[in-house]
1. Once each part is reduced to its C-alpha centroid, what is the distance from the stretch 126-149 to the stretch 32-103 in angstrom?
2. Cα axis of helix 59-68 to longest principal axis of the chain: angle in degrees, 0 to 90, nearest 10?
3. Would you mind checking which residues have amide H under 5 Å from VAL27's amide H? H placed 1.01 Å from N; only 5 or more apart, or other chain.
4. For the chain, what does the accessible surface come to per residue with a 1.4 Å probe? Please give it in Å².
5. For TRP142, TRP38, give the ranking by accessible area with the largest first, probe 1.4 Å.
6. Just need the relative contact order of the chain here, percent rounded to a whole number, with Cα pairs under 8 Å and 6+ apart.
7. Sum up the charges of everything whose Cβ sits under 12 Å from the Cβ of GLU42, counting Lys and Arg as +1 and Asp and Glu as -1, but leave GLU42 out.
8. Loop by DSSP (not H, G, I, E, B), at most 14 other beta-carbon atoms within 10 Å: where is the longest site-free stretch of the chain for trypsin sites (Lys or Arg not before Pro)?
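The values are calculated or read from the model by the stated rules, or taken from the named source; none is laboratory data. Bear in mind the structure is a predicted one, so any value in this text is a computation, not a measurement. Heads up, the Cβs are rebuilt from the backbone with ideal geometry, glycines too, and the neighbour counts pull from every protein chain shown. Each accessible area value is taken on the protein alone, full model and side chains, heavy atoms only, with ligands, DNA and RNA left out. Shrake-Rupley method; radii C 1.70, N 1.55, O 1.52, S 1.80 Å.
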Amino acid sequence: MHILVVEDEVRMAALLKRGLEEEGHVVEIAANGPDAVWMATETDFNAIVLDVMLPGFDGFEVCRQLRATQHWVPVLMLTARDDVQDRVRGLDVGADDYLAKPFSFAELAARLRALDRRGSEVRPPVLEAGDLRLDPAARRAWRGPTELQLSAREFALLELFMRHVGVVLTRTRILEQVWDLAYEGGSNVVDQYVAYLRRKLDRPFGRSDLETVRGAGYRLRQPEAP
Ligand code: CA
(Lines give C-alpha, C1' and ligand atoms only; values in the text may rest on other atoms or scores of the structure.)
Protein backbone atom coordinates (compact mmCIF):
# COMPACT_ATOMS: atom_id res chain seq x y z
CA MET A 1 0.00 0.00 0.00
CA HIS A 2 0.99 3.58 -0.57
CA ILE A 3 0.35 5.27 2.75
CA LEU A 4 0.43 8.89 3.84
CA VAL A 5 1.32 9.36 7.50
CA VAL A 6 0.30 12.76 8.88
CA GLU A 7 2.10 13.42 12.15
CA ASP A 8 4.13 16.40 13.33
CA GLU A 9 5.99 14.63 16.12
CA VAL A 10 9.22 13.64 14.37
CA ARG A 11 9.97 10.53 16.43
CA MET A 12 6.43 9.21 16.15
CA ALA A 13 6.39 9.86 12.39
CA ALA A 14 9.73 8.07 11.94
CA LEU A 15 8.54 5.14 14.00
CA LEU A 16 5.36 4.78 11.95
CA LYS A 17 7.27 5.09 8.70
CA ARG A 18 9.82 2.44 9.65
CA GLY A 19 7.22 0.04 10.99
CA LEU A 20 4.96 0.35 7.96
CA GLU A 21 7.89 0.01 5.58
CA GLU A 22 8.89 -3.20 7.34
CA GLU A 23 5.39 -4.45 6.54
CA GLY A 24 6.11 -3.76 2.87
CA HIS A 25 4.29 -0.43 2.50
CA VAL A 26 5.51 2.70 0.77
CA VAL A 27 5.21 5.60 3.21
CA GLU A 28 5.26 9.35 2.90
CA ILE A 29 5.02 11.84 5.71
CA ALA A 30 3.22 15.17 6.05
CA ALA A 31 3.92 17.20 9.17
CA ASN A 32 1.03 19.67 9.15
CA GLY A 33 -2.57 20.06 8.03
CA PRO A 34 -2.09 22.08 4.82
CA ASP A 35 0.71 19.77 3.56
CA ALA A 36 -1.46 16.73 4.26
CA VAL A 37 -4.36 18.11 2.21
CA TRP A 38 -2.04 19.09 -0.61
CA MET A 39 -0.27 15.71 -0.74
CA ALA A 40 -3.49 13.71 -0.49
CA THR A 41 -4.99 15.77 -3.30
CA GLU A 42 -1.98 15.34 -5.57
CA THR A 43 -1.36 11.62 -5.00
CA ASP A 44 -3.66 8.61 -4.88
CA PHE A 45 -2.77 7.03 -1.56
CA ASN A 46 -4.32 3.73 -0.49
CA ALA A 47 -4.76 5.02 3.05
CA ILE A 48 -3.99 7.96 5.31
CA VAL A 49 -2.92 7.62 8.94
CA LEU A 50 -3.98 10.97 10.32
CA ASP A 51 -3.05 12.37 13.72
CA VAL A 52 -5.64 14.72 15.22
CA MET A 53 -3.21 17.20 16.78
CA LEU A 54 -1.35 19.01 14.01
CA PRO A 55 0.03 22.47 13.33
CA GLY A 56 -1.66 24.53 10.64
CA PHE A 57 -5.05 22.99 11.07
CA ASP A 58 -5.98 19.77 12.80
CA GLY A 59 -6.74 16.27 11.54
CA PHE A 60 -10.50 16.85 11.61
CA GLU A 61 -10.11 19.77 9.24
CA VAL A 62 -7.79 17.75 6.97
CA CYS A 63 -10.41 15.04 6.69
CA ARG A 64 -13.27 17.50 6.23
CA GLN A 65 -11.45 19.26 3.39
CA LEU A 66 -10.61 16.00 1.63
CA ARG A 67 -14.21 14.78 1.76
CA ALA A 68 -15.54 18.19 0.73
CA THR A 69 -13.38 17.96 -2.39
CA GLN A 70 -14.52 14.41 -3.21
CA HIS A 71 -11.41 12.55 -2.03
CA TRP A 72 -12.49 9.21 -0.59
CA VAL A 73 -9.14 7.71 0.38
CA PRO A 74 -9.62 5.65 3.59
CA VAL A 75 -8.64 7.66 6.66
CA LEU A 76 -7.55 6.15 9.96
CA MET A 77 -7.47 8.85 12.64
CA LEU A 78 -5.14 8.75 15.61
CA THR A 79 -6.79 10.35 18.63
CA ALA A 80 -4.85 11.48 21.67
CA ARG A 81 -6.93 9.38 24.00
CA ASP A 82 -9.99 7.18 23.88
CA ASP A 83 -12.15 10.26 23.72
CA VAL A 84 -15.73 9.68 22.59
CA GLN A 85 -16.05 13.29 21.40
CA ASP A 86 -12.97 12.94 19.20
CA ARG A 87 -14.22 9.67 17.82
CA VAL A 88 -17.66 11.03 17.01
CA ARG A 89 -16.16 14.14 15.49
CA GLY A 90 -13.78 12.06 13.39
CA LEU A 91 -16.60 9.98 12.01
CA ASP A 92 -18.67 13.12 11.42
CA VAL A 93 -15.99 14.62 9.19
CA GLY A 94 -15.68 11.40 7.22
CA ALA A 95 -12.91 9.36 8.84
CA ASP A 96 -13.29 5.61 8.32
CA ASP A 97 -11.74 4.36 11.52
CA TYR A 98 -9.83 5.61 14.54
CA LEU A 99 -7.19 4.38 16.91
CA ALA A 100 -6.52 5.88 20.36
CA LYS A 101 -2.95 6.63 21.38
CA PRO A 102 -1.05 4.78 22.67
CA PHE A 103 -1.71 1.88 20.31
CA SER A 104 0.15 -1.25 19.36
CA PHE A 105 1.74 -1.35 15.97
CA ALA A 106 0.12 -4.73 15.31
CA GLU A 107 -3.29 -3.16 15.78
CA LEU A 108 -2.49 -0.26 13.47
CA ALA A 109 -1.31 -2.70 10.79
CA ALA A 110 -4.47 -4.79 11.18
CA ARG A 111 -6.74 -1.74 10.88
CA LEU A 112 -4.92 -0.66 7.73
CA ARG A 113 -5.34 -4.10 6.19
CA ALA A 114 -9.06 -3.93 6.96
CA LEU A 115 -9.33 -0.51 5.31
CA ASP A 116 -7.43 -1.80 2.30
CA ARG A 117 -9.87 -4.69 1.91
CA ARG A 118 -12.72 -2.21 1.81
CA GLY A 119 -10.96 -0.54 -1.07
CA SER A 120 -10.29 3.08 -1.83
CA GLU A 121 -13.83 3.65 -3.09
CA VAL A 122 -15.08 4.14 0.42
CA ARG A 123 -17.92 6.39 -0.58
CA PRO A 124 -20.32 7.37 2.14
CA PRO A 125 -23.73 5.77 1.84
CA VAL A 126 -26.80 7.78 0.90
CA LEU A 127 -28.47 9.12 4.06
CA GLU A 128 -32.21 8.69 4.47
CA ALA A 129 -34.76 10.12 6.89
CA GLY A 130 -38.38 9.55 5.95
CA ASP A 131 -38.77 10.90 2.42
CA LEU A 132 -35.56 12.92 2.68
CA ARG A 133 -32.49 11.52 0.94
CA LEU A 134 -29.02 12.97 0.78
CA ASP A 135 -26.04 11.66 -1.18
CA PRO A 136 -22.87 13.07 0.42
CA ALA A 137 -20.63 11.91 -2.43
CA ALA A 138 -22.73 13.37 -5.23
CA ARG A 139 -23.69 16.45 -3.16
CA ARG A 140 -27.37 15.99 -3.99
CA ALA A 141 -30.48 15.87 -1.84
CA TRP A 142 -34.14 15.07 -2.43
CA ARG A 143 -37.52 15.38 -0.73
CA GLY A 144 -39.43 12.45 -2.23
CA PRO A 145 -38.89 12.66 -5.99
CA THR A 146 -38.03 16.40 -5.88
CA GLU A 147 -34.37 17.35 -5.92
CA LEU A 148 -33.52 20.20 -3.54
CA GLN A 149 -31.44 23.06 -4.87
CA LEU A 150 -29.11 23.80 -1.96
CA SER A 151 -26.07 26.03 -1.59
CA ALA A 152 -22.88 24.37 -0.30
CA ARG A 153 -23.55 25.66 3.22
CA GLU A 154 -27.19 24.61 3.21
CA PHE A 155 -26.11 21.18 2.01
CA ALA A 156 -23.56 20.84 4.81
CA LEU A 157 -26.20 21.91 7.33
CA LEU A 158 -28.74 19.39 6.06
CA GLU A 159 -26.10 16.67 6.05
CA LEU A 160 -25.32 17.40 9.70
CA PHE A 161 -29.02 17.19 10.63
CA MET A 162 -29.47 13.97 8.65
CA ARG A 163 -26.54 12.37 10.45
CA HIS A 164 -28.27 13.19 13.75
CA VAL A 165 -31.97 12.66 13.12
CA GLY A 166 -34.02 13.30 16.27
CA VAL A 167 -31.07 14.83 18.12
CA VAL A 168 -31.08 18.43 19.33
CA LEU A 169 -28.05 20.25 17.93
CA THR A 170 -26.94 23.43 19.68
CA ARG A 171 -26.00 26.51 17.69
CA THR A 172 -22.43 26.13 18.92
CA ARG A 173 -22.16 22.57 17.68
CA ILE A 174 -23.67 23.53 14.32
CA LEU A 175 -21.26 26.44 14.01
CA GLU A 176 -18.29 24.19 14.76
CA GLN A 177 -19.28 21.57 12.25
CA VAL A 178 -20.64 23.56 9.35
CA TRP A 179 -18.60 26.74 9.52
CA ASP A 180 -14.83 26.96 9.61
CA LEU A 181 -13.27 26.99 13.05
CA ALA A 182 -11.94 30.43 12.22
CA TYR A 183 -15.44 31.80 11.71
CA GLU A 184 -15.97 34.72 14.07
CA GLY A 185 -19.47 35.88 13.23
CA GLY A 186 -22.27 35.43 15.72
CA SER A 187 -24.28 32.28 16.08
CA ASN A 188 -27.29 34.02 14.51
CA VAL A 189 -25.83 32.96 11.17
CA VAL A 190 -27.07 29.49 12.17
CA ASP A 191 -30.63 30.82 12.64
CA GLN A 192 -30.40 32.49 9.28
CA TYR A 193 -29.31 29.31 7.50
CA VAL A 194 -31.87 27.17 9.26
CA ALA A 195 -34.47 29.62 7.92
CA TYR A 196 -33.02 29.27 4.39
CA LEU A 197 -33.11 25.51 4.70
CA ARG A 198 -36.73 25.49 5.88
CA ARG A 199 -37.68 27.55 2.86
CA LYS A 200 -36.36 24.78 0.61
CA LEU A 201 -36.87 21.67 2.69
CA ASP A 202 -40.14 22.19 4.52
CA ARG A 203 -42.24 25.08 3.33
CA PRO A 204 -42.78 24.04 -0.34
CA PHE A 205 -43.88 20.62 0.87
CA GLY A 206 -46.16 21.82 3.69
CA ARG A 207 -43.86 20.22 6.26
CA SER A 208 -42.13 21.36 9.43
CA ASP A 209 -39.51 18.70 10.09
CA LEU A 210 -36.75 21.11 11.06
CA GLU A 211 -37.83 22.09 14.56
CA THR A 212 -36.73 24.85 16.87
CA VAL A 213 -36.14 23.53 20.38
CA ARG A 214 -36.50 26.61 22.53
CA GLY A 215 -33.40 27.47 24.52
CA ALA A 216 -31.51 24.48 23.11
CA GLY A 217 -31.11 24.55 19.36
CA TYR A 218 -32.56 22.72 16.39
CA ARG A 219 -33.64 19.21 15.60
CA LEU A 220 -34.56 17.34 12.46
CA ARG A 221 -37.62 15.33 13.42
CA GLN A 222 -37.77 11.85 11.93
CA PRO A 223 -39.90 12.81 8.93
CA GLU A 224 -42.91 10.68 8.19
CA ALA A 225 -43.28 9.33 4.71
CA PRO A 226 -46.12 11.28 3.09
CA1 CA B 1 0.63 15.32 16.50
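1. After rounding, the separation between the Cα centres reads 26 Å.
2. Relative to the chain, helix 59-68 is tipped by roughly 60 degrees.
3. ILE3
4. That works out to 51 Å² for each residue.
5. TRP38, TRP142
6. Computed value for the chain: 13 percent relative contact order.
7. Residues near GLU42 contribute -3 overall.
8. No qualifying site falls inside 1-80, the longest such stretch.
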